[in-house]
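Beneath this line is the structure, given in structure tokens, with notes to follow.
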Amino acid sequence: MVLLGTKNIKKILERVLKKVTPSEEEKKRELALVKRLIGRIKAIKGKHLQAMLCGSLSRDTHLRGERDFDIFVLFDESLPRERFENEGIRIGKEVFKGYEHWLEYSEHPYVKGIIEGYEIEIVPCYKVKKASMLKSSVDRSPFHARFLKRHLKDEQKKEVRLLKAFMKGVQCYGADIASEGFSGYLAELLILKYGTFLECIKNASQWKPGMKIALKDSHLKKCKVESPLVFPDPTDPKRNVASALSLEQFARFVAACRAFLKKPSEDFFFGKKVRAAPKERIKKELQKRHIIAIEFPMKEHVPRDIIFGQLKRFKGFLTSELQKHDFRVFDVRFEEYGKNIYCFVELEERILSEFVKLYGPPVFDEKNCEAFLAKHRKALSGPRIEDERLVIVERRKHRDSKEVLESLISFLSMRGKDPLKSMLKKARMLEEAQLLRKCADVEFARIFTEFLKGKEKFL
């Protein structure tokens, strides 16, 4: 790997660090709010033992402008589950009294709300002795907070910020279902492993799928999983911290690392902002390409993990159904804008020929030949033999891809699962004129231009 001028990279990293590091005033304001909320929780009578700040704010590795944090309320592990959940909700609602708040659901319900412009989660968890003795998946967060507080050095915090900003810039940050990328905790562990952002990038540029790394070699013997990246959790070595990372996001990060080392730039950290194409240009693209746009409302106060988990499955259904009817799918992408979700689909052809040629089994396969002939009695042409196989030509059931998608949406809106089921009940296909009217909004036009370009921002 050829590495361009180290001085040039150093200057780039210094500029980036100034932009992504919160000011001292910002930090003081955040921590003052945290102190006030923890004090409020302590004053509430209940079964809780303590409250503590977890996440990147607790270890001073958060990025400037991030206005969210998590406060964990710890309960004795002997408290019955139902009582634990009810107490967690009661305390959360008490904290947000007078402020906008709502229930969210992970493994168990918790309260989320907004105070002074910050999005805050009050999460109940059990106070267990070891991370390997969890009673709920969130019980490990306090262990992560304490581990990093002990091991992450002050000079490494800036390296973590650089790595997180890089991952965000190349769009592979976030361990939620929508992102399938690197968690903040994984980024922090990578800096503990490699020491600096640059060393991490150099090593990652050479990663291959199935890569296994650890803070201690002994941890790898305990973490017996297969994944694009395996990094055992130092607080519970049987668990892979990179379990949420998809192969696509792993590949994206490796490619971005290689590209950065060849031609370093601040763009890797902030993403090249794609300019909205002029309306006439978008119109020409729509006329020469085969694109379908579907709009449906976003369900409010439903965890993004649930919605995007269902959208991921919907993408699979959509692609499979189109391919089953001989449509070649170039791209499918979901974008969230305003209060809606937009599904953009590009096909090789939107409308297929009226007739299709079907190849059956070899004539020597008597049983399947009989089944093939019984299934295709109304062939337009054939059956006949070409080489060794039966062949027919028949009329397609569906020529128009929109019909296929409308049928799928109708089916899922009746027999699917909520929240996607209720979202799809209000789905509509956007005609070219409607899509162009949407593009009068510059930000929507920019999002749609990104889809049309279909290009990684760092390539």
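K35 meets the conditions (1) under 19 Å from F197 (Cβ atoms); (2) modelled with pLDDT of 95 or more; (3) in a helix (DSSP H, G or I) in every case but one. The failed one is (1).
In the condition set (1) over 19 Å from R258 (Cα atoms); (2) outside any loop (DSSP other than H, G, I, E, B), A178 is compliant with all but (2). Restricting K457, K397 to residues that are of a type outside the set (A, V, I, L, M, F, W, C), over 28 Å from L352 (Cβ atoms), in contact (Cβ under 8 Å) with a residue 12 or more places away in the chain and not in a helix (DSSP H, G or I) narrows the list to K457. Can you tell me which residue within the stretch 345-379, out of those that are farther than 30 Å from L452 by Cβ and aliphatic (A, V, I, L, M), is surrounded by the fewest Cβ atoms within 10 Å (Cβ to Cβ)? If we take residues in the stretch 345-379 being farther than 30 Å from L452 by Cβ and aliphatic (A, V, I, L, M), then A374 is surrounded by the fewest Cβ atoms within 10 Å (Cβ to Cβ). Looking across C223, C257, one residue alone is surrounded by 16 or more Cβ atoms within 10 Å (Cβ to Cβ), modelled with pLDDT under 95 and either under 21 Å from E188 (Cα atoms) or touching a helix residue (DSSP H, G or I) at 6+ places or on another chain (Cβ under 7 Å) (or both). It is C223.
Taking the conditions exactly as written (β-branched (V, I, T), farther than 24 Å from D176 by Cβ and surrounded by 18 or more Cβ atoms within 10 Å (Cβ to Cβ)), does I306 satisfy them or not? In short, no. Restricting attention to the stretch 236-248 and to residues that are assigned to a loop (DSSP other than H, G, I, E, B) and buried (at least 20 other Cβ atoms within 10 Å of the Cβ), the residue that is nearest to the chain's Cα centre (by Cα) turns out to be L245.
Residues of the stretch 98-120 that are crowded, with 19+ Cβ neighbours inside 10 Å and acidic (D, E): E104 alone.
Quick one: would you say D267 is of a type in the set (D, E) and closer than 30 Å to K130 by Cβ? So D267 fails the test.
The residue list A165, A214 contains one member that is in a helix (DSSP H, G or I) and more than 23 Å from D305 (Cβ to Cβ), which is A165.
The values are calculated or read from the model by the stated rules, or taken from the named source; none is laboratory data. Nothing here was measured: the structure is a model prediction, and the numbers come from that model. Note: ideal-geometry Cβ built from the backbone for every residue, glycine included; neighbour counts use all protein chains shown.
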